[in-house]
1. If you take every DSSP beta bridge fully contained in the stretch 334-440, what fraction is antiparallel? Give it as a percent rounded to 5.
2. If you take the square roots of the eigenvalues of the alpha-carbon gyration tensor of the stretch 250-325 and sort them as a ≥ b ≥ c, do you get rounded (a/c under 1.5), prolate (a/b over b/c) or oblate?
3. I'd like the FRET efficiency for Lys647 and Glu212, computed as 1/(1 + (r/R0)^6) with the beta carbon distance as r and R0 of 60 Å, rounded to 0.05.
4. Give the label of the value calculated from the structure for log10 I(q)/I(0) by the Debye sum over Cα atoms at q = 0.06, 0.07, 0.11 Å⁻¹, choosing from [x] -0.59, -0.72, -1.13; [y] -0.39, -0.53, -1.24; [z] -0.42, -0.58, -1.34.
5. Cut-off 14 Å, label point 7 angstrom out along Cα-to-Cβ of Glu183: give me the residues of the stretch 364-406 whose amide nitrogen falls inside.
6. GluC sites (Glu not before Pro), restricted to the stretch 569-667: which are DSSP loop and have at most 14 other Cβ atoms within 10 Å?
7. Provide the net charge surrounding Asp289, with neighbours chosen by a C-beta distance below 15 Å and charges set as Lys +1, Arg +1, Asp -1, Glu -1.
8. Can you sort Thr308, Thr27 so the residue with the fewest Cβ neighbours within 10 Å comes first?
Amino acid sequence: MKKWELRRRDKDRSEILQSEFNISKITADILAARGIVEKEEVGKFISGESVFSDAMLMKDMDKAVARIEKAVGNGEKICVYGDYDCDGITATVLLYSYFEDSGVDVCYYIPDREKEGYGLNARAISAIKKFGVTLIITVDNGISAYDEVKYSNELGIDVIITDHHKPKGKLPEAVAVIDPHREDGDGTLRELAGVGVVFKLVSALEGDDGSETLERYGDIAVIGTVADIVPLTGENRIIVKKGIEILKNSENPGIKALIKVAGLSDKNITSESIGFGIGPRINSASRMDDPKKAVNLLLSEDYDEALTLAEELDRLNAHRKEEEKKIMDSVEKKICEDRSLLDKRVVVISGERWHNGVIGIAAAKILEKYGKPCVLISINGDEARGSARSLEGFSMIDAIAECSELLTRFGGHAGAACMTLPSDSVEEFDEKLQKTAREKYETMPVYTLKIDRILTIPEITVREIERFGILEPFGCENESPIFAIRKLTIEGIYPIGDNKHIRIKFSRDGMSLVAVYFGVTPGDFAYSVGETVDIAADCGINEYNGEKKPNIKIIDIRLSDFRQESLFCGKAAYDAYARGEGLDEENMPTREDFVSVYRYLKSNGGYCFGYDGLNERLSVADGGMNYCKLRLILDMLESENLIKTEKENGKEKIKLENFEGKIDLFGTEKYKEIENSLKIKI
């Protein structure tokens with residue numbers, strides 16, 4: 001269950017925006033809630049007519065342009081050295097295509113994810129030297145390649161670095177280092193993806209304000225920008241907003257083939273369909289096979305050849321999903337066997353020979369499911385590789401940097417990071433990471449849904465949904481609006497999609513509403529016909545046979561009177577207790593609390609929808625039962641074999657055990673253990 005946070009809006013500013021820009025009340029409310037209220041800012045945001053900044057103002061851009069122009073003039077061979085993810089691949093394709101179109105002697109190199117790992121490496125540089133290369137230009141990597149750049153210099157190969165990751169203090173001794181995160185830069189373009197930095201380089205080489213470069217390469221730039229989940233604000237918003245329109249009409253055979261295999265040929269292409277349809281297929285090349293397959297696809301000039309390559313990426317993507325499921329099953333099994341893994345501030349779980357190309361995706365799913373930063377580590381002999389994902393408010397890269405003495409290499413940003421370390425250092429790394437998190441965060445941030453607005457059923461129309469569509473493209477820091485729809489009575493629950501999802505019919509005040517809850521089966525659904533709930537939902541449009549209807553997708557659901565503080569404050573308290581950090585008196589269960597929990601379980605024959613669900617029920621029915629009290633009571637009941645807890649379909653199932661007689665729970669060893677924790681509260 002996620003924490004809901006209703007964004008605060010300035011009602012007066014919203015009314016002004018409606019009048020000034022002739023937009024709907026809902027659209028104005030969303031803008032006001034997100035703090036986009038200044039006239040000039042709103043105008044640019046809605047129209048997408050912002051202008052690009054001068055690329056030559058970026059630090060070292062003049063040096064990079066001068067060295068490249070010298071190489072072109074002398075007929076030197078240039079190597080574009082990319083990264084193997086979608087951002088790196090599209091950045092490689094963009095720069096390579098530009099040089100090839102310009103008649104430059106150019107080649108590209110992308111390291112093998114498994115054999116070489118991320119970034120520049122000495123073996124690759126030696127191989128590139130044999131091809132007669134005298135200038136390497138990195139894209140989406142290189143900012144930490146101190147030794148590798150030095151080695152390249154020794155071989156007589158100059159290096160220009162273009163990257164968008166944070167420098168770790170000093171800069172490599174390259175001819176030029178173009179990175180918007182440089183401490184001596186103005187920071188205005190720090191949100192660019194790797195392909196965005198390359199876009200600026202090409203603009204500078206062309207002496208272009210960015211508009212012509214976007215017309216030529218916008219279909220490539222938009223894919224990498226969306227796939228890298230960078231904020232869709234500022235220049236990223238220009239690239240994506242205009243890039244989507246260019247992509248829809250792209251003549252690139254590889255892009256056309258990807259659109260076909262992703263099933264998007266007859267659909268409206270959005271940032272969401274790029275992020276979930278096109279990006280994963282490009283990424284699958286390096287995750288499961290060879291990244292050059294994706295590069296060759298996007299560089300292909302023949303549609304039939306491109307379609308063959310796209311179909312291969314589609315198969316690789318299906319294989320990726322299979323590997324992902326294996327890792328998820330393994331992680332869930334470990335959690336079932338050791339529930340304390342979830343008590344930590346950061347969930348750290350390792351396994352033997354998990355697929356390195358997939359653990360990042362699995363880490364993201366664990367983060368979303370359990371609401372905690374997650375690091376998954378694959379151990380392969382003496383070496384271990386990890387991938388981490390985090391939520392807003394906890395910088396994963398900063399936390400991992402505190403453990404740098406244990407790591408062979410690492411990189412990333414606040415929301416995602418990766419690392420390599422000796423296998424025998426995994427346990428020490430976990431301990432150090434938890435210590436760092438504890439020192440910086442007494443209470444960890446929680447997974448939060450930011451609700452843009454409360455909607456009523458009459459407001460949910462095709463016309464209203466189309467009107468706030470002017471806020472697209474949606475993505476990081478301009479997410480698709482999330483709405484809360486309250487006090488809905490469940491009228492019907494219907495399985496769809498081979499019983500993998502459900503459609504729910506709601507009613508309120510004589511009006512009805514239908515919504516879909518993907519990934520939830522009828523057996524997983526904790527609510528019944530007749531109950532009154534609130535939903536957090538995404539509102540789109542479904543078009544079939546020329547008819548448009550609102551498409552309401554449920555993101556989260558809860559009982560209407562649920563007090564979420566009872567869950568999230570209680571969870572933090574219980575986790576602290578489980579870690580041995582003590583317990584506050586207010587979280588100590590009373591005799592009445594025990595009676596309330598046991599009575600509920602007995603009258604309902606147990607409970608099968610998890611601890612969160614049981615807390616929700618009791619907080620509504622009891623008016624004050626928090627999660628910590630509940631878990632302590634369940635721990636005590638289970639210690640005396642009054643209940644048994646099993647994990648089923650990812651949720652805890654609580655069963656009552658047969659019992660005769662009486663037990664004084666306040667005299668048990670478990671109660672004494674809990675009581676003693678009051679004395680060691682830190």
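1. If I count the DSSP bridges inside the stretch 334-440, around 75 percent turn out antiparallel.
2. oblate
3. It comes out at approximately 0.55.
4. Among [x] -0.59, -0.72, -1.13; [y] -0.39, -0.53, -1.24; [z] -0.42, -0.58, -1.34, the one derived from this structure is [y].
5. none
6. Answer by residue number: Glu657, Glu660.
7. -1
8. Thr308, Thr27
FYI, it's all coordinate maths here, none of it is from the lab. Here the structure is a predicted model, which is why all the values come from computation and not from measurement. Cβ sites come from the backbone with ideal geometry, for glycine too, and all protein chains shown count toward neighbours.
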